[in-house]
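The structure appears below as structure tokens.
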């Protein structure tokens, strides 16, 4: 059921709270909810990974891992299993943690400083990108590298679509390039087959997010805008231009009806996906580095560019 703009505005203006939770770590770079919303993970400049337990009222630190030798640049939970989270670090390592235990159970060494990470929708493959625009594909079951793809242009965010048929990368040329995802497992001595190249923005395309329904994806760029696209038709549906700085992070929420933008602006823009209209502007004390909607609740997790090591929750909290 589609919720009206007025209903969302009334909800966020009247029923919301903002809570802050310290991680006892340095500046937080990345956050992500697990598939059922029972855990929130954060990765920090001080090399730590913190797991929060969430009960609908608030969060508490459940576990802290300090196994990486450099900062955690990105982390992501397994798409279907609620206790596995993968991390990408500047120490060239990729780790998978079973958060029911006190240590990682998988470590894979790659060729460079890792800056981004994505799971395939079925959880069988991890893609890891480094600062040299090399994407490494890892078979999760065997913990073996099955393919390395070197790009001749700047690659930023990487992601599969929800069907698993497309593998997408955002580029420094303002485009989003789509590849044949099933080809990752085939003809590994040949480059991935490029299917589409969309000119999405006038500036560097920084971040990319596919919604959980499989209908939409959003792109955030250095030209101070974010675009919302139809996956099936690869056509642009809306462009959000109310912010003044580069978009650093994106997250779909509330049954894919809302999109939150992280940027250097002193607020987080929350917009209606179908119309592009503003729902709420969440004021912040500093620029926002990452945003993540809870998969089931009207709760947004976010982190700011400060040294407090805090993760903040905004939304309908009991």
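No value in this document is a laboratory result; all are computed from the given coordinates. Keep in mind it's a predicted model, so treat the numbers as computed, not measured. Neighbour counts are summed over all protein chains in view; Cβ atoms, including those assigned to glycine, are modelled from backbone coordinates with ideal geometry.
So, in nm, how far is label residue 107 from label residue 4 when the simple model puts each one 7 Å beyond its Cα toward the Cβ?
5.7 nm
Sort 306, 91 so the one with the fewest other Cβ atoms within 10 Å of its own Cβ comes first.
306, 91
For residue 306 and residue 189 in the same chain, what is the full-extension length gain: residue separation times 0.36 nm, less their Cα-Cα distance, in nm?
That works out to 37.7 nm of additional length.
Listing 282, 126 from the residue with the fewest other Cβ atoms within 10 Å to the one with the most, what is the order?
282, 126
Any idea how far the Cα center of segment 101-122 sits from the one of segment 246-266, in Å?
25 Å
At a Förster radius of 30 Å, what calculated FRET efficiency corresponds to the Cβ-Cβ distance of residue 66 and residue 153, to the nearest 0.05?
Plugging the Cβ-Cβ distance into 1/(1 + (r/R0)^6) gives 0.30.
What whole number of Å gives the distance from the Cα centroid of segment 293-318 to the Cα centroid of segment 5-73?
For segment 5-73 versus segment 293-318, the Cα centre distance is 6 Å.
Picking from 16, 64, 142, which is most flexible by a Gaussian network model of the chain using Cα springs under 10 Å?
142
What is the gain in length, in nm to one decimal, between residue 267 and residue 286 on full extension, counting 0.36 nm per residue of separation less the C-alpha to C-alpha distance?
Extra length from residue 267 to residue 286 when fully extended: 6.0 nm.
Extension gain residue 163-residue 36, at 0.36 nm per residue separation less the Cα-Cα distance, in nm?
Separation in residues times 0.36 nm, less the Cα-Cα distance, equals 43.8 nm.
Give the Rg (one decimal place) followed by the Dmax (whole number) of the chain, computed from C-alpha coordinates and expressed in Å.
18.3, 57
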